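Down below is the structure, laid out as structure tokens.
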Amino acid sequence: MSGIRTYTMVKPTAMRKGFAAGIMNKITEGGFKIIAAKMTKLSLEEAEAFYAIHSERPFFGELTTFMSSGPIMALVVEKENAVEAYRDFIGATNPEEAADGTIRKLYGTNIGENAVHGSDSDENAANEINFFFSDREIF
Ligand code: GTP
Ligand code: MG
């Protein structure tokens with residue numbers, strides 16, 4: 001059984017470019033219901049904890065430095081089969097390879113600054129939601 005919730009966040013470059021509202025609008029138009037939202041900023045240590053599964057990847061330092069470089073918009077979204085549906089909706093990791101009309105194609109800058117995150121499993125979605133939100137912040 002696949003879950004109905006996933007975690008996403010608008011990454012710092014997209015925030016700096018003023019894309020947060022446009023991205024949230026696009027998410028809603030895509031049939032996802034936003035059930036939690038918070039503008040916040042990760043410390044380097046928090047970014048390292050959030051991306052711990054990537055700690056052995058060569059771009060880990062670049063990724064965590066970037067993700068702690070400015071505010072992000074943390075979101076929980078709801079839809080049937082949320083994790084897979086949302087990953088399809090945002091497009092490939094590299095915006096240049098993302099399908100037309102996807103969030104990463106529309107709002108991404110490059111493979112690191114690719115506009116948004118999307119959880120890759122129900123288990124990670126639950127962990128990531130708990131990382132950012134308490135139960136009383138989710139509606
Ligand atoms: P997320 O939804 O952000 O987890 O993206 P993903 O699942 O499509 O990609 P993955 O989990 O493999 O990588 C996590 C994040 O690391 C990506 O979203 C990118 O921002 C970043 N990333 C992946 N590959 C590279 C790379 O080659 N260079 C840099 N700088 N960042 C990368
Ligand atoms: Mg991932």
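The values are calculated or read from the model by the stated rules, or taken from the named source; none is laboratory data. On a predicted model such as this, the values are computed, not experimentally measured, just so you know. Quick reminder, even Gly has a Cβ in these numbers, built from the backbone with ideal geometry, and neighbours come from all protein chains shown. The accessibility values were calculated without ligands, DNA or RNA, using every heavy atom of the protein model including side chains. Shrake-Rupley method; radii C 1.70, N 1.55, O 1.52, S 1.80 Å.
With a 1.4 Å probe and every protein chain left in place, work out the accessible area per residue of the chain in Å², rounded to a whole number. Please list the in-between numbers first.
Values: 7300 Å² over 139 residues.
Here the residues of the chain average 53 Å² of exposed surface.
Taking region 1-110, which GluC sites (Glu not before Pro) meet the DSSP loop condition and have no more than 14 other C-beta atoms within 10 Å? Numbers along the way, then the final one.
On the way: sites: E29, E45, E46, E48, E56, E62, E78, E80, E84, E96, E97; in loops: E56, E80.
Taking region 1-110 and a limit of 14 other Cβ atoms within 10 Å, the loop GluC sites (Glu not before Pro) found are E56, E80.
What part of the accessible area of region 5-134, given as a whole %, is carbon or sulfur when the probe is 1.4 angstrom?
Numbers: 3140 of 6310 Å².
Answer for region 5-134 is 50 percent, counting heavy atoms of protein chains only.
Using DSSP to call loops (not H, G, I, E or B), can you name the chymotrypsin sites (Phe, Trp or Tyr not before Pro) in region 51-82 whose Cβ has at most 13 other Cβ atoms within 10 angstrom? Spell out each step's value before the answer.
Values: sites: Y51, F59, F60, F66; in loops: Y51, F59.
Of the chymotrypsin sites (Phe, Trp or Tyr not before Pro), the ones in loops of region 51-82 whose Cβ has at most 13 other Cβ atoms within 10 Å are F59.
Kindly write out, for region 51-58 in residue order, the coupling ³J(HN,Hα) from the Karplus curve 6.51 cos²θ - 1.76 cosθ + 1.60 (θ = phi - 60°), rounded to whole Hz, with x marking Gly and Pro.
9, 3, 5, 9, 4, 8, 6, x
Mind running the shape call on region 5-134? Use the C-alpha gyration tensor, a ≥ b ≥ c as the square roots of the eigenvalues: rounded below 1.5 for a/c, prolate if a/b tops b/c, oblate otherwise.
Details: a/c = 1.37, a/b = 1.16, b/c = 1.18.
Rounded, because the longest to shortest axis ratio a/c is under 1.5.
Determine the calculated [θ] at 222 nm for the chain from helices alone, applying -39500 (n - 2.57) to every DSSP H run no shorter than 4 residues and normalising by the residue count; nearest 500 deg cm²/dmol. Write down the numbers at each step before the final one.
Working: 7 runs with 55 residues, N = 139.
Per the formula, -10500 deg cm²/dmol.
Taking a ≥ b ≥ c as the square roots of the eigenvalues of the Cα gyration tensor of region 1-61, is the shape rounded (a/c under 1.5), prolate (a/b larger than b/c) or oblate?
Details: a/c = 2.27, a/b = 1.40, b/c = 1.63.
Oblate.
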